[in-house]
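Colleague: Quick one: this structure, given as structure tokens, is what I'll be asking you about.
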Amino acid sequence: MARQQARTLWYDRPKYVFMEFCVEDSTDVHVLIEDHRIVFSCRNADGVELYNEIEFYAKVNSKDSQDKRSGRSITCFVRKWKEKVAWPRLTKEDIKPVWLSVDFDNWRDWEGDEEVELAQVEHYAELLSKVQAKRPPPAMDDLDDDSDSADATSN
């Protein structure tokens with residue numbers, strides 16, 4: 001029986017790249033995370049051997065990376081060597097294997113978030129300065145309470 005690749009989802013964060021090898025009821029799981037690649041192998045519930053080898057887009061810190069197994073998948077948390085540098089893809093080569101997809105449920109365009117936050121803080125500070133520079137409240141002595149209550153009782 002020939003080896004197959006496990007369906008793999010990935011997403012990028014400022015400090016980590018996350019990969020999820022989607023294999024239900026996996027056995028004989030082996031994950032090797034090196035500074036430039038990851039090697040994953042296991043058997044699925046039907047006994048089929050799955051094998052993935054990925055050369056990373058950039059260097060990672062293999063000593064500060066880990067994997068976690070659940071009943072449905074194996075998730076790898078791979079620490080980037082250079083933090084806050086967005087990865088346009090997971091692989092070193094500019095190819096997209098059919099078994100590799102972006103995990104859009106977890107994807108977040110974090111690059112440039114600091115600029116957005118700074119703009120929001122500046123906008124908030126501007127709103128606060130407008131509130132603090134307000135005029136005195138209008139006088140309400142021209143309102144007649146008796147006429148309002150008389151209209152309400154006559155209906």
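Colleague: Restricting to the stretch 8-21, name every residue that is outside any strand (DSSP E or B) and farther than 17 Å from His36 by Cα.
Modeller: Selection gives Arg13, Pro14.
Colleague: Let me ask something additional. So how many residues does the stretch 22-37 have that are more than 16 Å from Leu90 (Cα to Cα), assigned to a strand (DSSP E or B) and open to solvent by less than 70 Å² (accessible area, probe 1.4 Å)?
Modeller: The total comes to 4.
The values are calculated or read from the model by the stated rules, or taken from the named source; none is laboratory data. On a predicted model such as this, the values are computed, not experimentally measured, just so you know. With ligands, DNA and RNA removed, areas are computed over all heavy atoms of the protein, side chains included. Shrake-Rupley method; radii C 1.70, N 1.55, O 1.52, S 1.80 Å.
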